1. What number of residues within the range 72-95 are in contact with a Gly (Cβ under 7 Å, 6 or more places away or on another chain), in a loop (DSSP other than H, G, I, E, B) and surrounded by fewer than 16 Cβ atoms within 10 Å (Cβ to Cβ)?
2. Against the definition (within 16 Å of ligand 1 (Cβ to nearest atom), out of contact with any strand residue (DSSP E or B) (no Cβ under 7 Å at 6 or more places or on another chain), open to solvent by 10 Å² or more (accessible area, probe 1.4 Å) and part of a helix (DSSP H, G or I)), how does Arg121 come out, yes or no?
3. Considering only residues that are of a type in the set (Val, Ile, Thr) and either in a strand (DSSP E or B) or under 18 Å from the mean Cα position of the chain (by Cα) (or both), look in the range 96-118 and name the one that is nearest to Gly171 (Cα to Cα).
4. In the range 126-154, how many are closer than 19 Å to Gly195 by Cβ and either open to solvent by 60 Å² or more (accessible area, probe 1.4 Å) or not in a helix (DSSP H, G or I) (or both)?
5. How many residues does the range 218-231 contain that are of a type in the set (Gly, Ala, Ser) and open to solvent by less than 30 Å² (accessible area, probe 1.4 Å)?
6. Give the residue that is nearest to ligand 2 (Cβ to nearest atom), with candidates limited to residues of the range 177-204 that are part of a strand (DSSP E or B) and under 15 Å from the mean Cα position of the chain (by Cα).
7. Among the residues of the range 187-198, what is the count of those that are in contact (Cβ under 8 Å) with a residue 60 or more places away in the chain and either within 16 Å of ligand 1 (Cβ to nearest atom) or surrounded by fewer than 21 Cβ atoms within 10 Å (Cβ to Cβ) (or both)?
8. If you check Glu87 against the conditions, is it touching a residue at least 60 places away in the same chain (Cβ under 8 Å), among the charged types (D, E, K, R) and more than 12 Å from ligand 1 (Cβ to nearest atom)?
Amino acid sequence: MIILKTKREIEIMREAGRLVAASHELVRQHIKPGITTKELDQIVEDFLRSQNAIPTFKGYSGFPYSICASVNEEVVHGFPSNRKLEEGDIISVDIGATFGGYVGDSAKTFFVGNVDDEKRRLVEVTRQSFYEGIKFAKESYRLSDISHAIQEYVEKAGFSVVRDYVGHGVGKKMHESPQIPNFGKPGRGPRLQEGMVLAIEPMINAGTYNVRVLENNWTVVTVDGKPSAHYEHTVAITDGEPMLLTVL
Ligand code: MG
Ligand code: MG
């Protein structure tokens with residue numbers, strides 16, 4: 001069952017989302033060669049707690065950190081660590097914040113210094129695929145119209161869509177119904193309706209879409225070792241244009 005949110009609930013989710021966006025800005029300011037992903041994790045945790053928000057990921061199904069920090073071939077759920085970022089890396093940072101009882105969820109992939117053309121294009125196509133998808137995040141379309149638009153854009157650009165992980169509804173809980181694949185035929189799934197709040201999050205690989213999970217039982221990597229990028233916002237369906245909640 002998809003839980004519809006009232007306008008008042010969406011206002012609270014907008015505040016949660018604003019804190020997620022501010023966290024991403026902090027990360028952006030601190031990313032440079034030499035910083036560790038654990039330092040980024042601490043910066044975000046300290047900021048969220050200072051704003052009376054809870055880092056949603058910490059303790060979620062046992063996840064030990066406040067952010068997911070996925071470098072290069074890591075797709076999602078990377079553990080912050082003492083690994084120092086290096087010039088030419090890309091890093092996907094996924095952040096969740098709970099504020100007023102509601103969750104905001106957003107991910108972005110950042111460049112570390114100068115990045116080669118393939119990685120740069122991968123990150124740009126991943127970001128744009130989200131915006132291609134949300135052209136269909138409106139009443140009268142169906143859920144898989146979003147999925148299909150993302151896949152079509154990504155594959156035309158020569159990249160591949162991860163199959164094993166998908167977007168999701170979001171509200172009081174981080175993961176609510178429905179699941180939102182970034183691939184599939186159009187015209188399937190529930191009809192979109194005002195009050196739905198969806199975390200739409202293409203995970204895009206430069207090579208094959210096949211992934212595997214590392215021994216820590218969390219971190220997902222590409223099987224071919226090629227880079228991966230991630231772009232996610234929490235989006236409210238309205239009676240008009242989609243509303244991005246995880247922006248400043
Ligand atoms: Mg996320
Ligand atoms: Mg998500």
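The values are calculated or read from the model by the stated rules, or taken from the named source; none is laboratory data. Computed from a predicted model, the values in this text were never measured in an experiment. All Cβ positions, even for glycine, are placed from backbone atoms using ideal geometry, and neighbour counts span all protein chains on display. Only protein heavy atoms, including side chains, enter the accessible area calculation; ligands, DNA and RNA are left aside. Shrake-Rupley method; radii C 1.70, N 1.55, O 1.52, S 1.80 Å.
1. Residues in the range 72-95 being in contact with a Gly (Cβ under 7 Å, 6 or more places away or on another chain), in a loop (DSSP other than H, G, I, E, B) and surrounded by fewer than 16 Cβ atoms within 10 Å (Cβ to Cβ): 2 in total.
2. When the stated conditions are applied, Arg121 does not pass them.
3. That would be Val103.
4. 7
5. Pass one, the range 218-231, residues of a type in the set (Gly, Ala, Ser): 225, 228-229.
Keeping just the survivors that are open to solvent by less than 30 Å² (accessible area, probe 1.4 Å) gives 228-229.
Count: 2.
6. First, pick out the residues of the range 177-204 that are part of a strand (DSSP E or B): 177-180, 191, 197-200, 203-204.
After this cut, where a residue has to be under 15 Å from the mean Cα position of the chain (by Cα) as well, the list is 179-180, 197-200, 203-204.
Numbers: Gln179: 11, Ile180: 9, Val197: 12, Leu198: 10, Ala199: 4, Ile200: 9, Met203: 10, Ile204: 15 Å.
Going through the qualifying residues, I end up with Ala199.
7. Taking the range 187-198 as the starting set, the residues that turn out to be in contact (Cβ under 8 Å) with a residue 60 or more places away in the chain are 190, 193-198.
Narrowing further to those that are either within 16 Å of ligand 1 (Cβ to nearest atom) or surrounded by fewer than 21 Cβ atoms within 10 Å (Cβ to Cβ) (or both): 190, 193-195, 197-198.
Residues meeting the conditions: 6.
8. Against the criterion (touching a residue at least 60 places away in the same chain (Cβ under 8 Å), among the charged types (D, E, K, R) and more than 12 Å from ligand 1 (Cβ to nearest atom)), Glu87 does not qualify.
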